[in-house]
Amino acid sequence: MAGIETLGERVARLEQEVAANRILRRRVEELTEQLAQVLVAVQDKDHARVEELLAALRGSI
């Protein structure tokens, strides 16, 4: 029957979705850490470090 997935197919699909979510979550964590470093450098008025961090951030996007 079209449109009906087996339990095994559903589990495989859900496992793929979980893996994709882990990758996305890890990327969000990395970006959050990079942004936090930029904000600390801004707070410290370390303009050279801000530029360095922003260049790294742009390179990672």
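Please verify whether Ala20 is of a type in the set (A, V, I, L, M, F, W, C) and either exposed (fewer than 11 other Cβ atoms within 10 Å of the Cβ) or touching a His at 6+ places or on another chain (Cβ under 6 Å) (or both), treating the condition exactly as stated.
For Ala20, the condition - of a type in the set (A, V, I, L, M, F, W, C) and either exposed (fewer than 11 other Cβ atoms within 10 Å of the Cβ) or touching a His at 6+ places or on another chain (Cβ under 6 Å) (or both) - is met.
Considering only region 29-50, state which residues are under 17 Å from Ile61 (Cβ atoms), surrounded by 13 or more Cβ atoms within 10 Å (Cβ to Cβ) and not hydrophobic (A, V, I, L, M, F, W, C).
Once the filter is applied, which keeps residues that are under 17 Å from Ile61 (Cβ atoms), surrounded by 13 or more Cβ atoms within 10 Å (Cβ to Cβ) and not hydrophobic (A, V, I, L, M, F, W, C), region 29-50 yields Gln34, Gln37.
The numbers here are math on the coordinates, done by the rules we state, and not lab data. Source: prediction; values computed, not measured. Virtual Cβ from ideal backbone geometry, glycine too; neighbours counted across all protein chains shown.
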